[in-house]
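Rule-based calculations on the coordinates, nothing more; no lab input. Given the structure is predicted, the values throughout are model-derived calculations rather than measurements. In this analysis, Cβ positions are derived from the backbone assuming ideal geometry, glycine residues included, and neighbour counts consider all displayed protein chains.
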Amino acid sequence: MNVLVLGSGGREHALAWKIAESPLCDKVYIAPGNAGTKNVGVNLPVDLDDFYSIGKMVIEYDIDLLLVGPEAPLVGGIRDYFLQRKELSSIPVIGPGKKAAMLEGSKDFAKAFMHKYQIPAAASATFQKENFEDGLAYLERLTPPYVLKADGLAAGKGVLIIDDLEQAKDELSKMINESKFGEASAKVVIEEFLDGIELSVFVLTDGIHYKMLPEAKDYKRIGEGDTGLNTGGMGSVSPVPFASKEFLDKIERKIVQPTIEGLKNEGLDYRGFIFFGLIKVGDEPYVIEYNCRMGDPEAESVIPRIKSDLLELFAAVGNQSLDTIEIEFEHRYAATVMIVSGGYPEKYSKGKLITIPDNLTNCIVFHSGTTVDIETGLIKTSGGRVIAVTSYGRNMKDALENAYANSKHIDFKGKYYRKDIGFDLENKDDV
Ligand code: AMP
Ligand code: GLY
């Protein structure tokens, strides 16, 4: 099979790396890809919102399966586009259609879905210009901190958690009346604050059946001790020590199964990954958010823990036969450390020369924001998150030690990484 992976981050490098290992894989293409994906396949330049050019590419390169890495093309309806074009309609697209992708693309849609199917989630209500005053009154009835979420995609910045009531009211006004997050905050979901510890659970579904994938925990803040600004993610670990078998079974029963049943009931033919952003409050799981794709940097620790042939699983998603496949996992822990550009997630510079020694051991290097300089052939930084270093270990500590031992040797001017990934899990069970 020839496979086209859309995207250019560490997640897509991890997915392409795993697909390239499959005996079913003839060629893997990554569009647009990065300097690292060149080592596992062929990069093809494209704009991810240019569905026409992606379709042309699929025909020209004789692609048998399209895997969509990031959310934007899914929320934009790439799957629907393929289904509508006669010459593309038989190509399996891994990723949901436009309507189902609203689970990520609209917080209001996602909350309505959770409420309808009694999926545990924070109590909430949605407000817009027409009922702005009701939003202020709703805030008054809540206890702090106040959680305000822009309804639409806002590049991971659309959630505000505010301690002060007056400030929360002010922000609600900025979001709704002054388009703080553009069109994305025309509607705002206000919800009850849940106090607990977060984890990410992933499922691959063919619309009828599903497979649970290894869970992970990511570290979103730039600073050690989970301080400072939110980022795309500074590291991840899998499995999550506090996620016992009983707790994961509860997640499957109370959250995963009703979600799959709900999608079926809504007539949404969901084929792809579902990412459940969860929070454990006491012993109970609640959904914080749905994403319609794998996480990044969760994919960099989750994908290496899948022993089975990922391409065989994707082919089964395409023809709705996931139930015929046994999925096997790697029992070792995996840990990922994200090396980022100095200044990220605020202003940072690009084009810094990266050195990656040839003799790194006990790690997999997934590229994120990297590019090959056309003139020199050297690898340079091209984004905030630059390189993800993943290592296995007997336990979480061991995996992290291996990842850190290697992260030290990868170099570029201004490089930064958190030294405390997993810090909050150290005293938890079976580490
Ligand atoms: P989201 O973009 O929905 O993932 O939200 C970003 C982050 O805000 C989450 O990862 C949580 O840390 C936090 N968050 C969102 N909703 C809540 C909530 N209801 N209670 C507590 N924290 C929340
Ligand atoms: N790491 C969180 C995300 O991919 O959204």
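How big is D, in µm² s⁻¹, for the range 324-377 by Stokes-Einstein at 4 °C and 1.567 mPa s if Rh is the Kirkwood radius over C-alpha pairs? My calculation gives 86 µm²/s for D. Overall shape: rounded for the chain, with the ratio a/c of the largest to smallest alpha carbon gyration tensor axis below 1.5. With a threshold of 22 Å on the Cα-Cα distance, the over-threshold entries among K98/K307; K38/K352; K56/K350; K347/K415; K149/K280 are K98/K307; K56/K350. Distance between the modelled labels on L360 and F242, one decimal in nanometres: 3.0 nm (7 Å Cα→Cβ projection). Rounded to the nearest 500, the 222 nm mean residue ellipticity of the chain from helices alone is -7500 deg cm²/dmol, with -39,500 (n - 2.57) taken per DSSP H run of at least 4 residues. DSSP bridge analysis restricted to the range 248-338 gives an antiparallel fraction near 100%, rounded to the nearest 5.
Label point of K264 set 7 angstrom out along Cα-Cβ; within the range 112-128, no amide nitrogen lies under 15 Å from it.
The alpha-carbon of K86 sits under 19 angstrom from the alpha-carbons of these aspartates and glutamates, leaving out residues fewer than 8 places away in its chain: D50, E60, D62, D64, D269. Legend: calculated FRET efficiency, A123 to E326, from the Cβ-Cβ distance at R0 = 56 Å, rounded to 0.05, equals 0.90. The distance between label points at K413 and S53 comes to 3.0 nm (points 7 Å beyond Cα on the Cα→Cβ vector).
Going by neighbour counts of Cβ atoms within 10 Å, the residues Y210, Y416 line up, fewest first, as Y416, Y210.
Residues in the range 33-69, backbone N under 19 Å from the label point at A155 (7 Å along the Cα-to-beta-carbon vector): list them, ranges by number please. Residues 47-50 qualify, since their backbone N sits under 19 Å from the label point. Per-residue Cβ neighbour counts within 10 Å put S106, S200, S53, S89 in the sequence S89, S53, S106, S200, beginning with the fewest.
Placing +1 on the Cβ of every Lys and Arg and -1 on the Cβ of every Asp and Glu, with no other charges, gives the chain a dipole of roughly 700 debye about its Cα centre. Once both labels are positioned 7 Å from their Cα atoms along Cα-to-Cβ, the gap between E21 and E284 label points is 3.9 nm.
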